[in-house]
1. Give the residue list of trypsin sites (Lys or Arg not before Pro) in the stretch 69-167 that are DSSP loop and have at most 13 other beta-carbon atoms within 10 angstrom.
2. Ranked highest first by the average count of other Cβ atoms within 10 Å around their residues, in what order do 100-113, 45-58 fall?
3. What's the local net charge at residue 55, with K and R +1, D and E -1, over the other residues with C-beta under 14 Å away?
4. For the chain, report the translational diffusion coefficient in µm²/s to the nearest whole number, using Stokes-Einstein at 4 °C, 1.567 mPa s, and a Kirkwood Rh over Cα pairs.
5. Which lysines, on any chain, are close to residue 37 with Cα under 22 Å apart, when same-chain ones fewer than 8 places away are left out?
6. Any idea how far apart residue 136 and residue 121 come out in nm if each label point goes 7 Å out from Cα toward Cβ?
7. If you take every residue apart from residue 106 with its C-beta less than 14 Å away from the C-beta of residue 106, what net charge results, scoring Lys and Arg +1 and Asp and Glu -1?
8. Contour minus end-to-end for residue 157 and residue 96, with contour as 0.36 nm per residue of separation and end-to-end as the Cα-Cα distance?
Amino acid sequence: MIFEFVGNTVLLLVSIFFFINLQIKTPPPTDGGMSAKTWPQILLMVLIVCIIFNLIKVYKKGKSEGKLFFEMSENEKKILSWKIWAGICLCFAYPIGLRYIGFFAASLIYLLPMIYLLGGRAKKTLISWSLGIAIVVYIVFRMILGVPLPRGTGVFREFAIWLESFI
């Protein structure tokens, strides 16, 4: 219950920050219609209202169960598992790795342990899913949409250029 409450509170504060910041930074509409900030403002208002309702629900749930606010449930104890934190660290390391080792190498280095953490144990499964996902994403973004993907630096750049010659 504590994680739900803290998570919702942080999300509420971040949403309010973006709502206020959105009003300060965007220019007014030129034609008198909707400006660039209209839809984000609407979505943020809906999000803020939903978070407030969820905070009330979490508070009532804890009160009805007779739990102290700071007691952790079994699900919250599972959140403290090393697998969750390893996945979070991988998610932070992946964008950093994109710049230095390129899309394809970073994707393989990210996807192999992530699939393992999600339950894939067989080597064949790990390798096939990692390669498959990286190739599909590469084809969709690079070839279909024409979005340039990072190639990395040094040896990794040469590897990416060599690999692109096959695809």
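1. Here the trypsin sites (Lys or Arg not before Pro) that fit, given the DSSP loop and packing criteria, are 121.
2. The densest-packed peptide leads the list: 100-113, 45-58.
3. Numbers: positive: 57, 60, 61, 63; negative: 4.
Taking every other residue near residue 55 into account, the sum is +3.
4. 64 µm²/s
5. In chain and number order, the partners are 25.
6. Result for the modelled spin labels: 2.4 nm.
7. Net charge around residue 106: +3.
8. Working: separation 61, 0.36 × 61 = 21.96 nm, distance 1.53 nm.
Taking 0.36 nm per residue and subtracting the Cα distance, the gain is 20.4 nm.
Where a number appears in this text, it was derived from the coordinates with a stated rule and is not lab data. From a predicted model like this one, the values you see are computed outputs, not experimental measurements. Using ideal geometry, Cβ is built from the backbone for each residue, glycine included, and neighbour counts are taken over all protein chains shown.
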